[in-house]
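Reviewing the structure listed below.
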Amino acid sequence: MTPTTDLINFSSRFEGCSLVAYWDNYGHTWTIGFGHTDHVYAGDTCTREQALAWLLSDMAAEGAIIARYMTRAPSQQQYDALCDLAYNVGGDRVGRAGIMQAFNAGEDDVAAEKFAEYGPLTLPGIPKRRAGERAIYLYGDYSGAP
């Protein structure tokens, strides 16, 4: 599976876009575009098109990580929701956690509730993003982004 255009639009609205590299104090790394961190250095710049290409590539890489933990096939909306969570907090973190255990057990309502456990919930926008991922997971509703 690959992330859908709807997911890229959802994620990009939460991430915001910086065409100039900035120091992310939370992640302790140079960041550019929609949260891209691989081989980014002070002074780097990009176009919006490059930022979107990185977002799709980075999202697909996180999707490949979570796919290794899946013991059942997800629907596209489940994959998208889990992929966005993995992009935001890390694929291995999601893969080893209770959300993946619930997903693999077919306990979709339990898995959906577990989105709310991933923070830091004190950062602005995180609770809304987790609620949006839950809506994608359960209903295929991508409208929860700002």
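Filter segment 100-110 down to the residues that are within 17 Å of residue 68 (Cα to Cα) and touching a residue at least 24 places away in the same chain (Cβ under 8 Å), then identify the one that is surrounded by the most Cβ atoms within 10 Å (Cβ to Cβ).
Going residue by residue through segment 100-110, those that are within 17 Å of residue 68 (Cα to Cα) are 100-106.
From the residues that got through so far, the ones that are touching a residue at least 24 places away in the same chain (Cβ under 8 Å) too are 100, 103-104, 106.
Values: 100: 20, 103: 27, 104: 14, 106: 10.
Residue satisfying both the conditions and the ranking: 103.
For segment 114-126, which positions are free of Cβ contacts under 8 Å to residues at least 40 places away in the same chain and surrounded by 14 or more Cβ atoms within 10 Å (Cβ to Cβ)?
114, 115, 116, 118, 126
Taking helices (runs of 4 or more DSSP H) that fall entirely within segment 31-146, which contain at least 1 residues that are more than 16 Å from residue 12 (Cα to Cα) and of a type in the set (Ser, Thr, Tyr)?
Details: elements: 48-67, 76-89, 91-95, 98-104, 108-114, 126-139.
Here the list reads 76-89, 126-139.
Restricting attention to segment 6-33, which residues are touching a residue at least 24 places away in the same chain (Cβ under 8 Å), within 20 Å of residue 90 (Cβ to Cβ) and not polar (S, T, N, Q)?
Answer for segment 6-33, where residues must be touching a residue at least 24 places away in the same chain (Cβ under 8 Å), within 20 Å of residue 90 (Cβ to Cβ) and not polar (S, T, N, Q): 7, 8, 10, 14, 15, 26.
A quick yes/no check of all residues on (1) surrounded by fewer than 16 Cβ atoms within 10 Å (Cβ to Cβ); (2) within 15 Å of the chain's Cα centre (by Cα):
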site	(1), (2)
45	yes, no
55	no, yes
74	no, no
88	no, yes
98	yes, no
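Among the residues of segment 127-140, which ones are surrounded by 14 or more Cβ atoms within 10 Å (Cβ to Cβ) and among the charged types (D, E, K, R)?
Within segment 127-140, 129, 130, 133, 134 meet the criteria.
Working only within segment 84-96, note down all residues that are touching a helix residue (DSSP H, G or I) at 6+ places or on another chain (Cβ under 9 Å) and modelled with pLDDT of 95 or more. Spell out how you get there, then give the answer.
Within segment 84-96, the first condition is being touching a helix residue (DSSP H, G or I) at 6+ places or on another chain (Cβ under 9 Å), and the residues that meet it are 84-88, 90-95.
Passing the criteria: 84, 85, 86, 87, 91, 92, 93, 94, 95.
Take the residues in segment 52-91 that are touching a strand residue (DSSP E or B) at 6+ places or on another chain (Cβ under 9 Å) and touching a residue at least 40 places away in the same chain (Cβ under 8 Å), then tell me which one is nearest to residue 107 (Cα to Cα). Outline the logic, then answer.
First, the residues of segment 52-91 that are touching a strand residue (DSSP E or B) at 6+ places or on another chain (Cβ under 9 Å): 52-55, 57-58.
Of the ones still in play, those that are also touching a residue at least 40 places away in the same chain (Cβ under 8 Å) are 52, 55.
On the way: 52: 33, 55: 29 Å.
Per the criteria, the residue is 55.
Given (1) touching a helix residue (DSSP H, G or I) at 6+ places or on another chain (Cβ under 8 Å); (2) free of Cβ contacts under 8 Å to residues at least 40 places away in the same chain; (3) not hydrophobic (A, V, I, L, M, F, W, C), where does residue 43 come up short, assuming only one miss?
Going through (1) touching a helix residue (DSSP H, G or I) at 6+ places or on another chain (Cβ under 8 Å); (2) free of Cβ contacts under 8 Å to residues at least 40 places away in the same chain; (3) not hydrophobic (A, V, I, L, M, F, W, C) one by one, residue 43 breaks only (1).
Yes or no: residue 16 at positive phi and either modelled with pLDDT of 95 or more or of a type outside the set (A, V, I, L, M) (or both)? Don't jump to the end; show me each part of the working.
Working: at positive phi: yes; either modelled with pLDDT of 95 or more or of a type outside the set (A, V, I, L, M) (or both): yes.
When the stated conditions are applied, residue 16 passes them.
The values are calculated or read from the model by the stated rules, or taken from the named source; none is laboratory data. All values reported here derive from a predicted model rather than from experimental measurement. All Cβ positions, even for glycine, are placed from backbone atoms using ideal geometry, and neighbour counts span all protein chains on display.
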